[in-house]
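The values are calculated or read from the model by the stated rules, or taken from the named source; none is laboratory data. Keep in mind that what you see is a predicted model, and the values were worked out from it rather than measured. Neighbour counts are summed over all protein chains in view; Cβ atoms, including those assigned to glycine, are modelled from backbone coordinates with ideal geometry.
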């Protein structure tokens, strides 16, 4: 069996064993999962209408965010980017081409 933690840093810290054994349930339940994560966030996030943005994240003008979404610390979202139903990793950079520009793994 492939260990998803080898590909997505910290995956099992967010998702339970049920999702590790049946990963298709993640896409089926992503909105519910993200809303549950948002409820557990601390005051280092600005939360409004299902959108949680860490206070150290930088989001340029012209970005479209569709709830539910969690943008973690030190993320950079470039102008004209469209994101929905995501939990973005720390130190990630996204731009309008929808291509991951860079992402540093954190412990």
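Mind checking which strands (runs of 3 or more DSSP E) fall wholly inside region 46-107 and carry at least 1 residues that are within 23 Å of residue 29 (Cβ to Cβ) and modelled with pLDDT of 85 or more?
Here the list reads 51-54, 64-71, 82-88.
Exactly one condition in (1) surrounded by fewer than 11 Cβ atoms within 10 Å (Cβ to Cβ); (2) assigned to a helix (DSSP H, G or I) is false for residue 38; which is it?
All conditions are met except number (1).
Restricting to region 46-74, name every residue that is in contact (Cβ under 8 Å) with a residue 24 or more places away in the chain and under 17 Å from residue 13 (Cβ atoms).
70, 73
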